[in-house]
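Throughout, read-outs are computed from the coordinates displayed, never taken from laboratory work. Since this is a predicted model, take the numbers as computed values, not measurements. Because the Cβ atoms are built from the backbone with ideal geometry, glycine has one as well, and the counts that use them run over all protein chains shown.
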Amino acid sequence: MSSQPWWRTAAIYQVYIRSFADGNGDGTGDIAGLRSRLPYLAALGVDAIWINPWYRSPLNDGGYDVADYRDIDPRFGTLDEATSLIADAERHGLRVILDLVPNHTSHRHRWFEEALAAPPGSPARARYHFRRGKGRQGTAPPTDWRSVFGGPAWTPLGDGDWYLHLFDPTQPDLNWANPEVRAEIEDVIRFWLARGATGFRVDVAHSLVKDPAYPDVGDEEEALLVAHDESNHPFWDRPEIHEIAREWRAILDGHGDHTMMVAEAWVASLARLVAYLRQGEYHQAFDFAFLETEWDAAAMREVIAASLAATATVGSVPTWVLSNHDVVRHATRYGLPGDVSAKAWLLDGDGTDYDPALGLRRARAATLLMLALPGSAYLYQGEELGLAEVYDLPAAVLDDPVWIRSGHTEKGRDGCRVPLPWTVAGPSFGFGDGGAWLPQPSGWGARSVEAQRGRPGSTLEMYRQALALRTAWLRDDVDLTWEDRDAEVVAFRRASGLRCLVNFGEAGHPIPPGKVVVASGPLDGDRLPPDTAVWVTEGQRR
Ligand code: GLC
């Protein structure tokens, strides 16, 4: 038995439910599909799953526009099915983490509909941020704040009031100064804990509270800058957020030691990130700096060391992640030249400069690096198949509101959300009996679970092996000792005796004595080739 709370060393698998598995053949992933694939997830060797929003929603932002926090969208299933899924997952040894979306609701949420029907200044409008427009006729937005998805963060209603949406206009921001809002989200937390959820991934955990003075922020760049290192930005990372986190933590603690919550907080610095991990606040907060680090030994060493040191100051551990539903898949990022921005490249989308084989080689090595580190690791569905970003989706099928809101200057996040291939052939490669809501590349059968299962050296088998070894070797401690080797090789040893080496250079590097228990690619005798990682153990382990 480990002496660590489970989440401190957990591997958690992110299920983007809309694209995971389709049980009823309508082209959209659902709870039935996910239920049927629980044995796959259990065999993969993860400890828990995080399910992206499955609540009733118009799906304008893939479900991050919640119309009813206590019900399931009919496209995904029913509340009964959700409750059974959680119980089933537990029987498979998988805990279930749900997405909590407290910053905004859908414009189709009952509260927002009531607000629209009510006059300016009414209590119904006080649940959101309604403000009078500027200027004599109120025809200018109340502030200069910009939406993350592009365009102004305010939309006028025509009655003099404007409402705030830091994301899409269909995602009005809740007013966290209103006690009714706080009570409602607390109740939603209790609702899902009572149905067996272990905890929550908290969406946009660094916003919620807005400056009641609604000051302008100045230039547009500034308004969009999440990387703001002060405590008084009007809508990012304000100090009051921590008080809310403590209230939620108290509710979770009341439901047992196993409960947990992880913050999605894109904040300015590690120091600001670990503030979320203080005693009585979040258990985890994603370390996005690691995800953003380029393929470079010194940069990797630095970002890892910094995260270990910073989290230790609050008695916590890092939460690593390489891919999720918001970023370009890491198998593609690492296949682009270091000076090319993945986002900008997506827009051009002609494949120039992109080396998919190199990307996959490095992605596999990066995964072995991540899984050997102290702390928790989140995996995004499909990365265990080595899936790359689908960069050439036709504009006509793009669904992410970013594409439209940015005036077609950002392609958005659909390329990492394409439905998974389960089988070599068949309609939608086994995703379901019908089609897939986003078109899959024609070659995806070769990347499917069926094609990789049991095939030595496949990405899927590498993930399985590494996850099993992680459970056997890396459960009990959170220590890491760096080894001094070639500057181009990141190498460290864990207290259990497991060593990880990753070669970022261009020449082979000698593998130390011991047993190679997993490798991210073919080895060159006793040498570690470039863009490759190995785990080496000494002695025996149960
Ligand atoms: C988070 C989600 C993202 C969503 C946004 C607005 O960043 O991960 O997918 O669009 O919040 O809810």
task: Please find, within segment 156-165, the residue that is surrounded by the fewest Cβ atoms within 10 Å (Cβ to Cβ) out of those that are away from the ligand (no atom under 16 Å from the Cβ) and not aromatic (F, W, Y).
output: G158
field: Those strands (runs of 3 or more DSSP E) lying entirely in segment 88-157 with at least 3 residues under 22 Å from the mean Cα position of the chain (by Cα)
entry: 95-100
query: Across segment 386-414, what is the total count of residues that are in a loop (DSSP other than H, G, I, E, B), within 16 Å of the ligand (Cβ to nearest atom) and free of Cβ contacts under 8 Å to residues at least 60 places away in the same chain?
result: 2
message: With within 16 Å of the ligand (Cβ to nearest atom), closer than 21 Å to L193 by Cα and among the charged types (D, E, K, R) as the only criterion, which of R56, R91, R95 stands out?
response: R56
statement: Those residues of segment 279-299 which are surrounded by fewer than 19 Cβ atoms within 10 Å (Cβ to Cβ) and among the aliphatic types (A, V, I, L, M) amount to A289, A297, A298, A299
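Out of all the residues in segment 121-150, which are within 24 Å of I185 (Cα to Cα) and of a type outside the set (A, V, I, L, M, F, W, C)?
Scanning segment 121-150 gives G121, S122, P123, R125, R127, Y128, H129, R131, S147.
Mind telling me which of the residues D73, D30, D22, D68 ends up being among the acidic types (D, E) and surrounded by fewer than 20 Cβ atoms within 10 Å (Cβ to Cβ)? Before the answer, list the steps.
Working: D73 fails: surrounded by fewer than 20 Cβ atoms within 10 Å (Cβ to Cβ); D30 fails: surrounded by fewer than 20 Cβ atoms within 10 Å (Cβ to Cβ); D22 fails: surrounded by fewer than 20 Cβ atoms within 10 Å (Cβ to Cβ).
Just one listed residue meets the conditions, D68.
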- line: Expected single match for in contact (Cβ under 8 Å) with a residue 24 or more places away in the chain and either over 18 Å from L98 (Cβ atoms) or in contact with a His (Cβ under 9 Å, 6 or more places away or on another chain) (or both) among P156, P152, P172, P179 is P172
statement: Residues of segment 308-332 being assigned to a helix (DSSP H, G or I), within 18 Å of the chain's Cα centre (by Cα) and under 21 Å from E264 (Cα atoms), in sequence order, are H330
- request: Quickly run through segment 300-326 and pick out the residues that are surrounded by fewer than 16 Cβ atoms within 10 Å (Cβ to Cβ) and either free of Cβ contacts under 8 Å to residues at least 12 places away in the same chain or of a type in the set (S, T, Y) (or both).
  value: E302, A309, A312, T313
- request: Would you check which residues across segment 415-443 are of a type in the set (A, V, I, L, M, F, W, C) and touching a residue at least 24 places away in the same chain (Cβ under 8 Å) and list them?
  value: C416, V418, L420, W422, V424, F431, A436, W437, L438
message: Checking E450 against (1) in contact (Cβ under 8 Å) with a residue 40 or more places away in the chain; (2) charged (D, E, K, R); (3) surrounded by fewer than 21 Cβ atoms within 10 Å (Cβ to Cβ), only one condition comes out false. Which one?
response: (1)
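Yes/no matrix, rows are residues, columns are (1) within 17 Å of the chain's Cα centre (by Cα); (2) in a loop (DSSP other than H, G, I, E, B); (3) touching a residue at least 12 places away in the same chain (Cβ under 8 Å):
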position	(1), (2), (3)
W345	no, no, yes
D353	no, yes, yes
A357	no, no, yes
R362	no, no, yes
A365	no, no, yes
L368	no, no, yes
P374	no, yes, yes
E384	yes, no, yes
